[in-house]
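The values are calculated or read from the model by the stated rules, or taken from the named source; none is laboratory data. Computed from a prediction, not measured in an experiment: that's the story for all the values here. Backbone-built Cβ (ideal geometry, glycine too); neighbour counts: all protein chains shown.
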Amino acid sequence: MANILSKIGWFIKERWKTYVFMLFLLLSIAAISLSPAYVLGKAIDTIVSGKLNQASLFMLVFLLILLPVTRYSISFLYNHLSHKTAQTLSFKLRQKYLSHLFEMDSQFYEKYQKGDLISRVTADLDAITQAATSLLEGIIFNVGVIIFAIGVMGFSISWKLTLISITIMPIGLTILNIIRHKKRKYIKIHREIYADMTEKVLESVEGQKAIRAYVQEDNDLVKQYEAIDKDIESWRYIVKYENWFNPLFEIIYGIAYILAFGFGIYFIIQQELTLGELIIFVSYVGMLFGPIISISTIFTQINNATISIDRFDEIMKQEPVVHDENDSKPIIHFNEIHFKNVTFKYPFDKAPVIKNISFSIQNGQTIGIVGPTGAGKSTLIRQLLREFNVTDGQVYIDGISIEDYKIEDIRNLVGYVPQAHMLFKRSVDENIMIGNPQAPHEALDKAVKLADFEKDLQFLQDGLNTMVGEAGATLSGGQKQRLSIARALIKDPEILILDDSLSAVDAKTEDTIIEHLKAFRKGKTNIIVAHRFSAVRDADIILVLEAGKITQRGTHDELLREDGWYKHQYIHQMTMR
Ligand code: ADP
């Protein structure tokens with residue numbers, strides 16, 4: 001409980017006035033809910049003693065109507081405030097979580113699965129918000145009822161009868177505690193299994209096209225069912241403990257009733273108690289049942305929430321390995337990029353993907369990078385996006401390590417067109433404008449033209465306003481590539497990186513785009529990773545990357561004169577045409 005309070009303490013501090021008011025409302029509800037039984041008991045004593053008159057009857061009826069109405073009104077106000085506060089807390093936590101996710105680097109996203117990250121901001125966050133509300137509501141209200149009831153029973157009815165009938169209660173609470181501790185372990189396991197199940201659903205939804213194309217629906221469903229089965233199985237353990245709890249508790253409670261009744265009647269005979277008082281007493285024993293059960297439920301919620309808070313907190317505590325320092329330098333222009341003995345290994349891999357690589361890029365040059373699939377071309381060039389820190393060596397920009405510059409500035413230098421396109425469920429122009437949301441309309445037209453996307457617009461239902469389906473579902477592979485190129489071009493970046501981004505366009509379109517780049521990106525830097533040699537033929541320098549190492553470098557003509565991968569592959573491509 002202290003854990004939860006310490007984690008959401010900032011929120012309670014922020015809204016302490018609302019919380020104090022809600023506390024007051026809760027205590028009022030607790031006190032009022034005990035009153036009708038008290039009024040009735042006293043009324044019975046008045047009737048039995050023959051003192052009932054018109055005025056006291058009127059008062060009795062008035063009180064019996066007033067009390068529930070007051071209780072209803074206060075409860076209404078409390079519920080309104082409590083829901084509002086819970087929603088605000090949930091919103092704020094979600095906001096914190098999402099902005100934290102944006103701060104995280106690629107290593108973090110390699111470590112945590114998407115489904116896991118989603119379940120922490122849905123199921124876990126709900127458990128936290130629920131606990132934050134129930135904590136106050138349940139504990140204050142129920143403890144309030146218990147204290148008021150026991151207070152009235154002990155001080156105004158009979159302390160002896162109170163002691164006799166409630167001594168059994170601590171035994172019940174001890175049993176609850178044991179069960180709660182046992183359950184805790186299984187709740188944690190359940191949360192992890194739930195995250196795994198979310199990941200599976202996400203994978204199936206994202207991969208539904210591939211699943212259908214390969215007629216794998218049944219296999220996929222089997223996997224889903226397995227995940228659901230595991231989820232149900234993990235619940236079974238939790239429920240098992242719950243099933244033990246209720247009957248045991250009812251037995252203990254039954255004993256409390258018998259004690260109250262038995263000794264109550266004895267005390268009436270002894271003239272230590274009136275009938276009305278026994279009725280109030282027994283009603284209060286009955287009223288303790290609900291709050292005690294509720295407190296146990298609250299402890300369960302707190303249990304869940306403690307686990308959820310830990311899971312939520314685990315993410316909030318993650319620090320990005322790639323981050324800005326206070327003295328990170330700004331950069332808007334560069335003269336030279338120098339890769340010096342760069343080795344890079346993905347964080348969770350054993351072997352490096354690129355090894356001891358050195359080369360330089362002068363501003364305004366066009367660099368071609370070719371080589372077999374999996375050689376590390378993409379990995380090499382993505383070092384300029386500052387997704388990870390290099391494992392060894394360094395990338396220098398104008399003599400200063402890339403790690404000493406502001407991350408955002410470095411990324412602003414680059415217009416990167418990836419192999420796998422990330423399109424959003426927005427219109428075509430909105431998808432392009434992501435590259436530069438402030439760009440004027442002319443810049444949009446120009447980018448569309450340069451990416452040779454203009455010719456496609458007539459085939460799209462609403463031209464630039466056509467909605468792009470999820471993950472670009474309404475566009476062909478080539479159109480998606482050209483839309484992504486337009487997105488990078490609208491940024492008019494210092495460095496344009498085409499990472500195998502022309503693979504889905506035909507040779508003629510590729511030639512047009514390359515010609516456009518040559519004409520319109522004069523004085524700017526282009527890095528073209530390609531499989532077709534036509535895309536890099538005119539580059540100032542071409543690097544051949546094989547198994548993570550540069551094995552050849554030179555212009556197209558120079559490389560054709562060397563006996564190596566470039567020449568062999570070039571001849572192969574020419575003969576295949
Ligand atoms: P290329 O662009 O030449 O086809 P890549 O740079 O994409 O090559 O990949 C080089 C190697 O790095 C491949 O073996 C690939 O499996 C591995 N790799 C790529 N991305 C990751 C990643 N995020 N985590 C671990 N390994 C990766």
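Summary of computed values
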| read-out | value |
| --- | --- |
| Selection count where residues are within 25 Å of residue 509 (Cα to Cα) and either in contact with a strand residue (DSSP E or B) (Cβ under 6 Å, 6 or more places away or on another chain) or among the hydroxyl-bearing types (Ser, Thr, Tyr) (or both), scope the stretch 535-555 | 9 |
| Subset of the stretch 343-368 [buried (at least 19 other Cβ atoms within 10 Å of the Cβ), within 13 Å of the ligand (Cβ to nearest atom) and closer than 24 Å to residue 408 by Cα] | 344 |
| Test: residue in the stretch 369-379 that is within 16 Å of the ligand (Cβ to nearest atom), assigned by TED's automatic domain parsing to the domain that holds residue 461, surrounded by 15 or more Cβ atoms within 10 Å (Cβ to Cβ) and of a type in the set (Ser, Thr, Tyr) | yes |
| Hits in the stretch 130-172 - residues which are without any contact (Cβ under 8 Å) to a residue 12 or more places away in the chain and not aromatic (Phe, Trp, Tyr) | 147, 151, 154, 156, 163, 167, 170 |
| Close pairs from the stretch 432-456: first at positive phi, partner basic (Lys, Arg) and surrounded by 15 or more Cβ atoms within 10 Å (Cβ to Cβ), Cβ under 9 Å, at least 6 apart | 452/482 |
| All positions within the stretch 328-361 that are in contact (Cβ under 8 Å) with a residue 60 or more places away in the chain and farther than 17 Å from residue 377 by Cα | 328, 329, 330, 331, 332, 333, 334, 335, 336, 347, 348 |
| Any hit, the stretch 78-88, residues being free of Cβ contacts under 8 Å to residues at least 60 places away in the same chain, more than 21 Å from the chain's Cα centre (by Cα) and either loosely packed, with under 11 Cβ neighbours inside 10 Å or not assigned by TED's automatic domain parsing to the domain that holds residue 201 (or both) | yes |
| Residue in the stretch 330-341 that is within 13 Å of the ligand (Cβ to nearest atom) and surrounded by 14 or more Cβ atoms within 10 Å (Cβ to Cβ) present | no |
| Hits in the stretch 267-281 - residues which are of a type in the set (A, V, I, L, M, F, W, C), crowded, with 18+ Cβ neighbours inside 10 Å and part of a helix (DSSP H, G or I) | 267, 278, 279, 280, 281 |
| Unmet requirement for residue 102, which otherwise passes all of (1) in contact with a helix residue (DSSP H, G or I) (Cβ under 9 Å, 6 or more places away or on another chain); (2) under 30 Å from residue 407 (Cβ atoms); (3) without any contact (Cβ under 8 Å) to a residue 40 or more places away in the chain | (1) |
| Single condition residue 114 does not satisfy, out of (1) at pLDDT below 90; (2) of a type in the set (Lys, Arg); (3) more than 16 Å from the ligand (Cβ to nearest atom) | (3) |
